[in-house]
Amino acid sequence: MAVRKTLQIGDPLLKNNNLTIKNFNDQKIKRVVKDLRDTMIKNDLIGLSAPQIGYNFKIFITQPRKTKARKLPKGDMLRVYINPKIVKFSKSENIIYEGCGSVMNGNLFGPVKRPKEITIVAFDEKKGKFQIRCDGILARVIQHEYDHMSGVEFTEKICDYKKLMAREFYIKNVRNSKEQLEASNITIVEYKKL
Ligand SMILES: [Zn+2]
């Protein structure tokens, strides 16, 4: 198990260029994916990107699941995205509160408006190309991690700064509101191997 330190905003590595993976046989990819998973679980996160743990590669993972803060009616499996590209964003948007392991160690939450549904194309760690079209918290975490690929933090996209709040208030007052739970509900509209 290799839990790595999660870099905090202000660290220049979070704004670095992230390299496209060319050699999928490189042992380093396996290590990055394993470290991402171990660090995500340890920190109670539902997604994490390689630059956040100090690897400047185009790799991130997602796993919306039950955590201390999150009671999902339906979660999702662990997914690995290498060289990801979001190919379609829906016109309809929703507001979901986000936090990030790289912002006050996940202790700051704020509302962000983003497209409700997305379609992403990426490779898994075995070089299998896939496409997934989804909404809910999965679409949300994908867009959040995808932004990390180009050095963008969710704090740059807050839609109402007056609603920024500490994690404990988010968990107590926002997380389980009808609105947030509804917006979080995941539908995987389509999954296919390419
Ligand atoms: Zn983040």
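The values are calculated or read from the model by the stated rules, or taken from the named source; none is laboratory data. This one's a predicted model, so the numbers in the text were calculated from it and none came from an experiment. A quick note on method: Cβ atoms are made from the backbone with ideal geometry, for glycine too, and the neighbour counts reach across all protein chains shown. For the accessible areas, the whole protein counts, side chains as well, though only heavy atoms, and no ligand, DNA or RNA atoms are used. Shrake-Rupley method; radii C 1.70, N 1.55, O 1.52, S 1.80 Å.
Which of the aspartates and glutamates could a cross-linker span from K126 if the Cα-Cα distance has to be under 18 Å and same-chain partners fewer than 8 positions apart are dropped?
Qualifying aspartates and glutamates at Cα under 18 Å: D26, D35.
Please report, as a whole percent, how much of the solvent-accessible surface of the chain comes from carbon and sulfur atoms (probe radius 1.4 Å).
Roughly 52 percent, rounded to a whole number.
Sequence gap at least 6, Cα distance under 8 Å: using those rules, report the relative contact order of the chain to the nearest whole percent.
23 percent.
Among 130-139, 14-23, how do they line up by average Cβ neighbours within 10 Å per residue, starting with the highest?
Result, highest mean Cβ count within 10 Å first: 130-139, 14-23.
Using a 1.4 Å probe and ignoring any ligands, DNA or RNA, find the accessible area of K129 and quote it in Å² to the nearest 10.
90 Å²
Take the alpha-carbon centre of segment 64-130, take the same for segment 14-46, and report the distance between them in whole Å.
First find each Cα centre; the distance between them is then 15 Å.
Working with all protein chains in place, sort R79, R37 by solvent-accessible area computed with a 1.4 Å probe, largest first.
Result of the area sort, largest leading: R37, R79.
How far, in degrees from 0 to 90, does helix 27-42 lean away from the longest principal axis of the Cα atoms of the chain, to the nearest 10?
Orientation of helix 27-42: about 20 degrees from the principal axis.
Order the peptides 38-46, 90-98, 155-163 from the highest to the lowest mean number of other Cβ atoms within 10 Å of their residues.
The most tightly packed comes first, giving 38-46, 90-98, 155-163.
Which pairs, out of K15/K192; K22/K66; K88/K113, put more than 28 Å between their alpha-carbon atoms?
Listed pairs above 28 Å: K15/K192; K22/K66.
What is the packing order of peptides 62-68, 177-183, taking the mean over residues of other C-beta atoms within 10 Å and listing the highest first?
Per-residue Cβ counts within 10 Å, averaged per peptide and sorted highest first, yield 62-68, 177-183.
Can you list residues from other chains, or at least 5 along the same chain, whose modelled amide H is less than 5 Å from the amide H of Y97?
Long-range HN contacts for Y97: V112.
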